[in-house]
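Encoded as structure tokens, the structure appears first; notes follow it.
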Amino acid sequence: MRSDGTRLDFQIILQWVQPGSAVLDLGCGDGDLLELLVREKGVKAQGIEINEQAIYRCVAKGLSVFHDDLDRGLSEYGDKTFDYVILNQTLQQVRKLDEALQEALRVGREVIVGFPNFAHWSARVQLFFRGHTPITPALPYEWHDTPNLHFLSLLDFTHYCQKRHIQIRRAAFLGEKRMIRFRPNLLAQAGIFLISHDQRPKGE
Amino acid sequence: MALLGLASKATEKNRSLLTKTHTSTLPPSPSYNPKRLGKVQTQFFTFAHPPEEMALESGERLGPIRVAYETYGTLNEERSNAILVLHALSGDAHAAGFHEGETKPGWWDDMIGPGKAFDTDRYFVICSNVLGGCKGTTGPSSINPKTGKPYGLDFPVIGIPDMVRVQKYLVDHLGIERLLCVAGGSMGGMQALEWLVSHSDRMESAIVISTAAKHSPQQIAFHEVGRQAIMADPHWNGGNYYGCALPSKGLAVARMVGHITYMSDVSMAQKFRRHPNGERLHKFSAGCEVEDYLHARGNHFVKRFDANSYLYITRAIDSYDLSRGRDLAEAFRGLQKKVLALAFKSDWLYPPSQTREIVKACKQAGVDTTYCEIESTYGHDAFLLEIEEQTHLIRHFLKRVSDERGSAGEREVRHYEI
């Protein structure tokens, strides 16, 4: 892993994305990830973002971005328009998660999903012993003031993918400063998955 | 480190979900130090001399055609830093700077000049009056060479594509092979779209603001009220009023309707009150400042605009259909251009939904597009008033277009005499 201050989740995504590919970042925020992908991988980048001020910051970075709602922004694209559709820290905030993910899988050849793990041990401890809705570095919100609509664990997501016949092609689990390889559903704060609808052989 | 990053991104999203404030937190632009252009002059170019008249969309031919235009900044050696700016319904070639002896600058002076959105230290900006207009370009008030009298209604019906073709002749005349950008709001946005589908080989990018690919029945309806007001004025006289009393009442009413559609409910409520001591303009007046405002705008307009031009130009706008009956995405298919599309939340004359239709087609056609819906309470007028946001977006967009083109921008420019 690089030690240049690049966010750990960005480093994973940077490793996975093929040079020169077409990338759509759903909920691209200030465009930091897209800017990195353009600079390091020469991708053709497009963002979708609902926050007007974030749009200004994306444009200042030279990115192309649509000011739009995630629940609406995808349907207008044709099948497999992008090599990758990225939902990094956005999935848990999408109103119609199932629909959005199916749409992302339709529009992208592959989809990269990153989200906080609700089953991290510190969340379990807070809920079990203290009886509070957990607050962790990856889930920093009070229950009454959170943008998150879905609270899922890494295990929930893998089960969901099985149920929907979605292939998990790669996965990475993140701790605060390093990768987690042992018991990720207990020890990882967040997970990133590369998924697709394709029926290609596993373990590629 | 990593997860703190995640948290801050999520907080940003959280904020956007809950409230939308108008407090601008635009990133600082170190080089933003706008100055005004000094004195500018309108120039003229005449072409399509008979028998080589220009063929119009209608099949009729028109010539000679004189074009009034202004330029700001300097064309670089490669002739690659030219931007064509397109005006709205009542605009003209005087987009920026001051005419000799005048105190009011051009109509988009806030956006064009040294250090401004269309930075004349970097770019060569061109603006011309549209065909059918009354500010120096050939229109119904121009002299018909066949009769020696003003054209009046003998002036042929024109369309947005005809206006754009005239602009293309001007660009040819200026010796510019490829424009860096074609930009405009409202009717100017329609023209920028028309450039994009008809003359894409002559440009790198387009900026379309508060516009539509085609007028809706509601938009046509407001124009039709204006046209009927003009034609109902006895002085209109079938368009034959030059040298006599002008159809000022009718044109003023048309302009009043227009101004209503340019504002929003909120901007009107902020701007106008009832007169405190109940003064009224006439027996049936409500004594509200909005009435005085509309009268003032209407009366001011008749001094500077020709009623027949109003009829011809509104007809051109209302008849325009970018798609020509095709799927809009088909019209954009294969365009290797960059597009910046802007709309304003409170604009109900050209609502953001119409710009989103354009953006949707760009998306489907794979055109590299950026879209921003800017928070504003000014209604359609916002495109002339919300300077800070547009400046930020346009400056960065143009910088990217010129960087990727690999010329313009930073290179040294030399003065180019036309």
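Nothing in this text is a laboratory measurement; each read-out follows from the coordinates by a stated rule. Note that this is a predicted model, so its numbers are computed, not measured.
Cross-link list A:LYS80/B:LYS168; B:LYS35/B:LYS271; A:LYS163/B:LYS360; B:LYS363/B:LYS399; A:LYS177/B:LYS363: which exceed 31 angstrom alpha carbon to alpha carbon?
A:LYS80/B:LYS168; A:LYS163/B:LYS360; A:LYS177/B:LYS363
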Dividing the surface of the Cα convex hull of the range A:1-44 by four yields a projected area in nm² of 3.0
Amide H neighbours of A:GLU110 at under 5 Å, excluding residues fewer than 5 places away on the same chain, with H built from the backbone geometry, are A:TYR84, A:VAL85
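Tell me, what does the Kirkwood hydrodynamic radius of the protein assembly as shown come to in angstroms if you use every pair of distinct C-alpha atoms?
On the way: mean 1/r = 0.0373 Å⁻¹.
About 26.8 Å for the protein assembly as shown.
According to the Kirkwood expression over distinct Cα-Cα pairs, how big is the hydrodynamic radius of the range B:255-302, in Å?
Values: mean 1/r = 0.0885 Å⁻¹.
Hydrodynamic radius (Kirkwood, Cα pairs) of the range B:255-302 is 11.3 Å.
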Using eta = 0.890 mPa s and T = 25 °C, Stokes-Einstein with Kirkwood Rh from Cα pairs puts D for chain B, in µm² s⁻¹, at 108
Log10 I(q)/I(0) at q = 0.11 Å⁻¹ for the range B:179-265, from Debye over equal alpha-carbon scatterers, is -0.47
If amide H atoms are modeled at 1.01 Å from N in the peptide plane, then the residues at a separation of 5 or more from A:ALA171, or on another chain, having amide H under 5 Å from its own are A:LEU194
Check: C-alpha center the range B:36-64 vs C-alpha center the range B:115-154, spacing in Å is 7
Nearest 10, in degrees from 0 to 90: the angle of helix A:154-163 to the longest Cα principal axis of chain A is 60
Taking max minus min of the Cα coordinates of the range B:215-319 on each principal axis, largest first, gives extents in Å of 43, 34, 22
At q = 0.14 Å⁻¹, the log10 of I(q)/I(0) for the range A:8-196 from a Debye sum over equal Cα scatterers comes to -0.78
Chain B, Gaussian network, Cα under 10 Å: of B:TYR169, B:TYR69, B:TYR350, the residue fluctuating most is B:TYR169
Note: the range A:85-159, point scatterers on Cα, Debye, no solvent; log10 I/I(0) at q = 0.11, 0.28 Å⁻¹ equals -0.31, -1.37
